[in-house]
1. Give me the residue from segment 11-68 that is touching a residue at least 24 places away in the same chain (Cβ under 8 Å) and on the phi > 0 side of the Ramachandran plot and, out of that set, nearest to the chain's Cα centre (by Cα).
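Every number in this text was worked out from the coordinates using simple rules, so none of it is lab data. Just so it is clear, the model here is predicted, and its values are computed rather than measured. When we count neighbours, we look across all protein chains shown, and the Cβ atoms used for this are built from the backbone with ideal geometry, even at glycine.
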Amino acid sequence: MSKQRFEDFKEIVELALKNEAPRDARLILVGRISYALEVGELTFTEAHTLEDLLGGRSEWQDAYEIALSGATDHSLYHLPA
């Protein structure tokens, strides 16, 4: 795990927030952070820090459930715009 990798992600997140990136773009960043955690590029603490900058896990919980279940019926999950 590299401190530089965390700093790279942090810079990307800060730039996205500064430029008011749309929700879908921020969700892609959350996916990249989750993947980096999975492959050992980020620690659990680093991933949570980055996720918190993007609004915290509660912001993305519905999207995580859809991603994990494969559900495409949006009537089951009400994602905020």
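1. Across segment 11-68, the extreme among qualifying residues is Gly55.
Residues checked against (1) part of a helix (DSSP H, G or I); (2) in contact with a Ser or Thr (Cβ under 6 Å, 6 or more places away or on another chain); (3) loosely packed, with under 13 Cβ neighbours inside 10 Å; (4) of a type in the set (Asp, Glu):
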position: Phe6; (1), (2), (3), (4): yes, no, no, no
position: Glu11; (1), (2), (3), (4): yes, no, yes, yes
position: Ala21; (1), (2), (3), (4): no, no, no, no
position: Leu27; (1), (2), (3), (4): yes, no, no, no
position: Arg32; (1), (2), (3), (4): yes, no, no, no
position: Gly40; (1), (2), (3), (4): no, no, yes, no
position: Thr45; (1), (2), (3), (4): yes, no, yes, no
position: Leu50; (1), (2), (3), (4): yes, no, no, no
position: Glu59; (1), (2), (3), (4): yes, no, no, yes
